[in-house]
1. Which of the following residues is under 24 Å from the mean Cα position of the chain (by Cα), farther than 22 Å from Asn110 by Cβ and away from the ligand (no atom under 12 Å from the Cβ): Ser207, Ser142, Ser132?
2. Taking the stated definitions as given, is Gly75 open to solvent by less than 30 Å² (accessible area, probe 1.4 Å), closer than 25 Å to Ser20 by Cα, in contact with an Asp or Glu (Cβ under 8 Å, 6 or more places away or on another chain) and assigned to a loop (DSSP other than H, G, I, E, B)?
3. Consider the stretch 145-162. How many of its residues are surrounded by 19 or more Cβ atoms within 10 Å (Cβ to Cβ) and away from the ligand (no atom under 15 Å from the Cβ)?
4. If Lys201 satisfies all but one of (1) under 22 Å from the mean Cα position of the chain (by Cα); (2) exposed (fewer than 13 other Cβ atoms within 10 Å of the Cβ), what's the number of the condition it fails?
5. Please tell me if Glu306 is within 18 Å of the chain's Cα centre (by Cα), of a type outside the set (Phe, Trp, Tyr), more than 24 Å from Lys388 (Cα to Cα) and open to solvent by 30 Å² or more (accessible area, probe 1.4 Å).
6. Look through the stretch 129-144, keep the residues that are among the hydrophobic types (A, V, I, L, M, F, W, C) and within 19 Å of Glu376 (Cβ to Cβ), and return whichever of them is surrounded by the most Cβ atoms within 10 Å (Cβ to Cβ).
7. Any idea which of (1) farther than 30 Å from Ile288 by Cα; (2) open to solvent by less than 40 Å² (accessible area, probe 1.4 Å); (3) within 16 Å of the ligand (Cβ to nearest atom); (4) assigned to a helix (DSSP H, G or I) is the one Ala340 doesn't satisfy?
8. Any residue in the stretch 255-270 that is out of contact with any strand residue (DSSP E or B) (no Cβ under 8 Å at 6 or more places or on another chain), of a type in the set (D, E, K, R) and open to solvent by less than 40 Å² (accessible area, probe 1.4 Å)?
Amino acid sequence: MSQSQSAIEQLSGRPLTTLSEDEQMFRASVREFAEGEIRARVEEMDEHQKLDPAIIKHCFDLGLMSIETPEEFGGAGGTFFTAILAVEELSRVDASVGVLVDVQNTLVNNAFIRWGTEEQKKKYLGKLALGSVGAYALSEPSSGSDAFAMQTRAVDKGDHYLINGRKLWITNGIEAEIFVLFANANPEAGYKGITAFIIEKGFEGFSIGKKENKLGIRASSTVELILEDCKVPKENVLGEVGKGYKISIETLNEGRIGIGAQMIGIATGALECALKYTGERQQFGKAINQFQGVQFQLAEMATELEAARLLVYNAARMKDAGVNFVKEAAMAKLYSSRVAERVTSKAIEMYGGYGYVKDYPVEKYWRDSKIGAIYEGTSNMQLQTIAKLIIGGK
Ligand SMILES: Cc1cc2nc3c(=O)[nH]c(=O)nc-3n(C[C@H](O)[C@H](O)[C@H](O)COP(=O)(O)OP(=O)(O)OC[C@H]3O[C@@H](n4cnc5c(N)ncnc54)[C@H](O)[C@@H]3O)c2cc1C
């Protein structure tokens, strides 16, 4: 029996949302951290557009920044599903902390684990586990959905490459010390020239540009990266030259499930607020959750959230089982981002006027939800992937 078959058989019979003992313990510890350390700082971090460094340090100390990294490189050697649970739990309290952990695990560490040489793993995975934040730089001012049309160029100079170009919208950019950055090393070959490079913050010719002032996930930094004759040693090519397109496609396939987890975390946080508030708020002489109109809306929100969670958990467990999950990951991100927008919007309405002001938490959940339809492939791009896979052809 193949490894993936036996993994599937072990899973069969267990409801998707039923967690193993280890998973339950892990989730409880992340929840304790989120409630105990993050909750009280959410508003201030959103207002000041900055993650509290103490929170980032705590994420490292708890092993949340290296969940899947093998133990020999300083990580926890956990499953992808555990990483998904962490992103969900953190996002239930603050989606900015959720995306910090998500990018580190599902994109950056993942790229090193899958494509790094032994030396690169030793050098970088350890740092990424112990205290260095990572970032993932694909998008550019004129290439987002059409990512492979990137203009950033890498020129071979013998023992090093010189990289020139600009990257836009890079999450964790302010905090990051290690960047997985994509540049085209052979433009004549089209997308087959795209290559992944490991860039350290201190490299000559590398600098951070404008920081974005955003609608949501405001505490998460989003920046422009500037590369002006940035000198990158040859040993910092990640994977093979010309295989960057494959690395980006495959890391983002996993990353999307992480964004799905962020979205169900946001929706969970908002639904919990709505359930509590509607039980307390009195109108017409009773709690507003005594009106069927309100009850039915709460029931719709809970049902949609459950469906989204099933999609996310299923895609994550498929990934761990080693079966193809590309369609399911796209569906999970597409659907959960829509559900997060709907649930958070409804939560605001249930708070009435109080939902519209910053004294209450629900307006932030709604602002934070919007990014789910945009990054790691817009909703149209997810639909395109799903359509291609169900219809067939190129
Ligand atoms: C807060 C934030 C954080 C981000 N973090 C990162 C990061 O860490 N690393 C990184 O590399 N990038 C990051 N991004 C970039 C993000 O992935 C892109 O913004 C996204 O892929 C969309 O690209 P675009 O903004 O250029 O929009 P465009 O590609 O210009 O799309 C604009 C609209 O056109 C639609 N569209 C485009 N092409 C088609 C088509 N063929 N068919 C149908 N519709 C189409 C899109 O769906 C969208 O609605 C981040 C973005 C934001 C806002």
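1. Answer to the selection: Ser207.
2. Considered against the rule, which asks whether it is open to solvent by less than 30 Å² (accessible area, probe 1.4 Å), closer than 25 Å to Ser20 by Cα, in contact with an Asp or Glu (Cβ under 8 Å, 6 or more places away or on another chain) and assigned to a loop (DSSP other than H, G, I, E, B), Gly75 comes out as yes.
3. Adding up the residues that qualify gives 2.
4. Answer for Lys201: the failing condition is (2).
5. Details: within 18 Å of the chain's Cα centre (by Cα): no; of a type outside the set (Phe, Trp, Tyr): yes; more than 24 Å from Lys388 (Cα to Cα): yes; open to solvent by 30 Å² or more (accessible area, probe 1.4 Å): yes.
So Glu306 does not fit the description; no.
6. My answer is Ala137.
7. Just one mismatch for Ala340, condition (1).
8. So far as the stretch 255-270 goes, yes, one or more of its residues are out of contact with any strand residue (DSSP E or B) (no Cβ under 8 Å at 6 or more places or on another chain), of a type in the set (D, E, K, R) and open to solvent by less than 40 Å² (accessible area, probe 1.4 Å).
The values are calculated or read from the model by the stated rules, or taken from the named source; none is laboratory data. It should be emphasised that the depicted structure is a prediction, and the values quoted were computed from it without experimental measurement. Every residue, glycine among them, receives a Cβ derived from its backbone with ideal geometry; neighbour counts consider all protein chains shown. Ligands, DNA and RNA are excluded from the accessible area calculation, which covers all protein heavy atoms including side chains. Shrake-Rupley method; radii C 1.70, N 1.55, O 1.52, S 1.80 Å.
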